[in-house]
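Only one structure is covered here, and it is reproduced in the block below.
The values are calculated or read from the model by the stated rules, or taken from the named source; none is laboratory data. Source: prediction; values computed, not measured. We place every Cβ from the backbone using ideal geometry, glycine too, and count neighbours over all the protein chains shown. SASA here: full protein model, heavy atoms, side chains in, ligands and nucleic acids out. Shrake-Rupley method; radii C 1.70, N 1.55, O 1.52, S 1.80 Å.
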Amino acid sequence: MDGHPGLTALIESAWKELSGSDAGRRDLCLDVVGDVLETGRLMPGDAEQVVERLVTVALSGEGYAVRESALHAACTASTHYELSYRVVEPLAVGADVFEPLLLDYVLAVLGATHDQAALPVVERFLQHPHPEVRRAAAEAVNELRWSRQSPLGKERPSSSGAQVAPP
């Protein structure tokens, strides 16, 4: 499908299928949502609405495969859209409930917001017992710290509007 209306229709179809399918099928529905997000062709507000739903699925009582697909799609979105911390903040609040392999996605999404509000949450995972989680946390911390600086090293506003000094 080509164009924004077609992509939106494809996502809506996937959401409908998601609510009425077995776990294996729900996993595939979320893969479709991720594929659409990967195009980078949704309007930013539409992408944020999709990610909000993905975050809800990721934090739900669904099985591992469904939650992994939701987080993978959210992570894909974070590479193609500038997501605000507000949209993914529930992941920060619920980060402790994720299995180590899923934390890789959570930390990547939080780091991609470039919002300093995510830094304390991400830094907690630098001491995690699993080395993969510590590595993902270190990458997210580096992304968040690097993003505090503008190309000229001047202060820039954070997403909350407050001035953030460079490190």
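From the list E48, E12, E38, E89, the lone residue that is farther than 22 Å from E123 by Cα and either surrounded by 15 or more Cβ atoms within 10 Å (Cβ to Cβ) or aliphatic (A, V, I, L, M) (or both) is E48. What are the pairs, 6+ residues apart or on separate chains, where a residue within region 107-127 that is open to solvent by 40 Å² or more (accessible area, probe 1.4 Å) has its Cβ under 7 Å from a residue that is in a helix (DSSP H, G or I) and of a type in the set (D, E, K, R)? That search, which allows pairs on different chains as well, returns L126/R134. On the given criteria, is A136 at pLDDT 95 or above and open to solvent by less than 40 Å² (accessible area, probe 1.4 Å)? So A136 fits the description; yes.
Within region 20-62, being assigned to a helix (DSSP H, G or I) and among the acidic types (D, E) holds for D27, D31, D35, E38, D46, E48, E52.
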